[in-house]
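Q: The structure's right below; bear with me while I get my questions together.
Here, each number is a calculation from the coordinates, and none is a lab measurement. Predicted, not measured: the structure shown is a model, and the values here were computed from it. No Cβ is skipped: glycine too gets one built from the backbone with ideal geometry, and neighbour counts run over all protein chains shown.
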Amino acid sequence: MYGARPDYRVDLLARTNAMAAWLDDACLARSDACLVVDEQDHGLVVYFPRDAVDFTHLEPTGERTVCPFKGEAVYWRVAGGEGDGIAWSYPDPFPEVARLAGYVAFDQEAVRVTIGKGSFTGVRP
């Protein structure tokens, strides 16, 4: 789709802020190495490094969707639950957003994402 919409923006912003994803009292993910994705027409979404996600609270849904700007997404739902996924990732994203590989996002209407203080590294990510 980038050929048809060269003006479309999907900005991947590396952040050092301490971020966490919560489902009630369960911490689903926690990291200070997240990507904040600012996609045109979608708003901000926090993506956690895969190794920062506690998958004991999640199970794969088998659902797959395709975003014309990011690629094919796979989904997870609450372990032992039913219904739609509350988390997703792009295992093989398009080259324009290749940094998304290895990151997991959460539905911010189903999961509470907190953003804490960042640390100054002296280098712009």
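Q: With a ≥ b ≥ c taken as the square roots of the eigenvalues of the C-alpha gyration tensor of the chain, please select rounded if a/c is under 1.5 and otherwise prolate if a/b is larger than b/c or oblate if it is not?
A: Cα axes put the chain in the oblate bin.
Q: Using the Karplus curve 6.51 cos²θ - 1.76 cosθ + 1.60 with θ = phi - 60°, work out ³J(HN,Hα) for each residue of the stretch 55-70 in order, rounded to whole Hz, and write x for Gly and Pro.
A: In residue order, the calculated couplings are 6, 5, 8, 10, 9, x, 9, x, 6, 9, 10, 10, 9, x, 10, 10 Hz.
Q: Place a +1 charge on the Cβ of each Lys and Arg in the chain and a -1 charge on the Cβ of each Asp and Glu, then give the dipole magnitude about the Cα centre in debye, rounded to the nearest 20. Provide the component values of the computation, followed by the final result.
A: Working: 12 positive and 19 negative charges, 105 e Å.
In total the dipole reaches around 500 debye.
Q: Subtract the Cα-Cα distance of V66 and K117 from 0.36 nm times their separation in residues, and report this length gain in nm to one decimal.
A: Length difference between fully extended and current span is 15.0 nm.
Q: Find how much the distance from E82 to A18 grows on full extension, using 0.36 nm per residue of separation minus their present alpha carbon separation; answer in nm with one decimal.
A: 20.0 nm
Q: Taking 0.36 nm per residue of separation and subtracting the Cα-Cα distance, what length does fully extending E96 through R50 add?
A: Numbers: separation 46, 0.36 × 46 = 16.56 nm, distance 1.98 nm.
Once the chain is fully extended between E96 and R50, it gains 14.6 nm.
Q: Right, something else. Within the set of other residues whose C-beta is less than 14 Å from the C-beta of A110, count the net charge using Lys and Arg as +1 and Asp and Glu as -1.
A: Local charge sum for A110: -3.
Q: So, one more: Which whole-angstrom value gives the distance between the alpha carbon centres of the stretch 55-88 and the stretch 20-50?
A: Spelled out, the Cα-based centre of one part sits 14 Å from the other.
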